Amino acid sequence: MSPGTHDSLPDERNAAVKIYVNGDLVPRDDARISVFDSGYLIGDGVWEGIRLHHGVLVFLDEHLDRLFAGAKAVHMDIGRTRQELEAALYSTLEANDMDDGVHVRLMVTRGIKKTPSQDPRLTIGRANVVIIAEHKTADPATTSRGVRLFTSSVRRGSPDYLDPRLNCHSKLHEVVALAQALEAGADEALMLDVRGFVSTCNATNFFIVRGDQVWTSTGQYCMQGITRSKVLECCRRHGIDRFERDFSLFDVYSADEAFVTGTFGGLTPVTEIDGRTIGDGIEGAMTGRLRGLYEDLIRESVAASSSSSAGV
């Protein structure tokens, strides 16, 4: 199987993890949700992927901000407060004796339907909340060798029909984009916006480096990645020129470096796009520097959270 930015090292502990389902913690093999669930029926839900580092869910406030903003945008009542969701997350981690190297998927759907239908009025009861926490360490081989991208014909849509900034369960267009890339012999898909400018990848945000400048898309046609925002923050803090701008494949093919960002993999170098080698075909100096700065930011977040907890 070709490498991807979500490749992880095998971990036998995951066979015995407990899954949070609406307040209950159940064994992995017994975790169930109704076939009448809105997420299963019509992709009606929002979600977040969060990393646990040394007992701290890093950048949790930003993740919950995005979750609640998405729910509000689609007229969904989560039915729990931020504090209740945070408590549910940490109770899941505690039940699984987890402290580090963990990836958490928090999913909220509109709830159970009386009958298969798009109509939100046919929802019975409140939203469903599921939390899957797994021991997951990114495969260092993927970071070492980088990933190859293929530009999909599937575009990131306009915000007037499904805002691409919404982190929702409806991901079929991204699945199709990735399928195209895999069939073309690449690892993941690069996606353009409706105007033909470079937007994002199927599951990660995309950056290029030209000279001493770091470029990424405007953000209007892609998910507002937490890692994306943290990389831009690192640039601001350390005086690295960064631009959120429109750019085309013409700029991409001649870039000195390229990389993608995501909560699970952090920064992953891109070595090839549409058969063109990017830079020297290995991780560039700027990508390596930004990875180090991003990891520093994680350590800073962990220290601040630990200090705050100690003071309570």
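Which of the residues that make up region 23-44 are crowded, with 17+ Cβ neighbours inside 10 Å and either polar (S, T, N, Q) or on the phi > 0 side of the Ramachandran plot (or both)? Across region 23-44, the qualifying residue is only S38.
Return yes when L149 is modelled with pLDDT under 95 and either on the phi > 0 side of the Ramachandran plot or under 18 Å from the mean Cα position of the chain (by Cα) (or both) and no when it is not. Taking the combined requirement at face value, the residue does not satisfy it.
Against the definition (of a type in the set (G, A, S) and in contact with a strand residue (DSSP E or B) (Cβ under 9 Å, 6 or more places away or on another chain)), how does A95 come out, yes or no? The answer is yes for A95. Could you look through region 146-176, keep only residues that are aliphatic (A, V, I, L, M) and more than 16 Å from V252 (Cβ to Cβ), and pick out the one that is surrounded by the most Cβ atoms within 10 Å (Cβ to Cβ)? The selected residue is V154. Counting only strands (runs of 3 or more DSSP E) that fall entirely inside region 211-312 and contain at least 3 residues that are crowded, with 17+ Cβ neighbours inside 10 Å, the qualifying elements are 213-216, 257-262, 266-273.
I'd like to check which strands (runs of 3 or more DSSP E) are fully inside region 1-95 and have at least 3 residues that are touching a His at 6+ places or on another chain (Cβ under 6 Å) and not aromatic (F, W, Y).
By residue number, 45-53.
The values are calculated or read from the model by the stated rules, or taken from the named source; none is laboratory data. Predicted model, so just to flag it, every value in this text is computed and none were measured. As a convention, Cβ positions derive from the backbone with ideal geometry for all residues, glycine included, and neighbour counts pool all protein chains shown.
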